[in-house]
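Asker: My questions all concern the structure below.
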Amino acid sequence: MAHPQEKRDLVRRKYVFENQSLELAATFSGVPLATARTWKYAAKEQGDDWDKARSAHLFASGGIETVGQTMLAGFLVQYQSTFEDLEKAENIAPIEKSKALASLTDSYLKVINATKKMLPETQAAVALQVVEELLNHISETYPDKLQDFALILQTFETVIERKFGG
């Protein structure tokens, strides 16, 4: 069955401008994934590379930070979903489950390391959380040392400003 041009345009728009996976774009547009793949390939052959258009749109709409945030958010959703699926899976041998979890953890670490370069504010946010946790720990465990920690933190502020441009 031939699909109208509007369907092809809808799939392209969802993929390129709404950053949906090709599978989701096809599903939401009511066409089989194989059809969407065929359209994407044919468009590339005619000079309309959907992947390049998608990347250009991401950069134009917010720069590298947006790309990094989008990549990280997308990965975290996939990570959580895969992790939950692995937890529920009863038909996977324990050793295979362990291998899948190790692979998932490796992917997680690689994505986090890649986004550190693209999203330096993420590093600063994590550093701030660590300092806050240390403050809570000192308050609860060593309340008599809290005054000293506050003095140290004041002088450490200049180090943070140099490192993160605060």
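Values quoted throughout were computed directly from the atomic coordinates according to the rules given, and no laboratory measurement underlies them. These numbers were taken from a predicted model, which means no experiment stands behind them. Backbone-built Cβ (ideal geometry, glycine too); neighbour counts: all protein chains shown.
Asker: Sort 139-151, 28-40 for me by packing, meaning the mean count of neighbouring Cβ atoms within 10 Å per residue, highest on top. Walk me through the numbers before you get to the answer.
Answerer: Values: 139-151: 10.5, 28-40: 16.1.
The peptides rank, most packed first, as 28-40, 139-151.
Asker: Using the structure shown, select from 7/40; 52/99; 88/110; 40/99; 40/88 the pairs with a Cα to Cα distance greater than 23 angstrom.
Answerer: 52/99; 88/110; 40/99; 40/88
Asker: Further question on the same structure: What distance in nm lies between label points placed 7 Å from Cα along the C-beta direction at residue 142 and residue 114?
Answerer: Going from the residue 142 label point to the residue 114 one covers 4.0 nm.
Asker: Still on this structure, please answer the following. If the reach is capped at under 15 angstrom between alpha carbons, list the aspartates and glutamates near residue 44, excluding any in the same chain fewer than eight residues apart.
Answerer: Partners found: 9.
Asker: Which lysines, if any, have their Cα less than 21 Å from the Cα of residue 163, not counting same-chain residues under 8 positions apart?
Answerer: Of all the lysines, those that pass the test against residue 163 - Cα under 21 Å, at least 8 places apart if same chain - are 116, 117.
Asker: Also, I was wondering about something else. Taking the highest mean first, how do the peptides 90-97, 76-83, 13-20 order by number of other beta carbon atoms within 10 angstrom per residue? Write down the numbers at each step before the final one.
Answerer: Numbers: 90-97: 9.0, 76-83: 12.8, 13-20: 17.4.
Per-residue mean Cβ counts within 10 Å order the peptides as 13-20, 76-83, 90-97.
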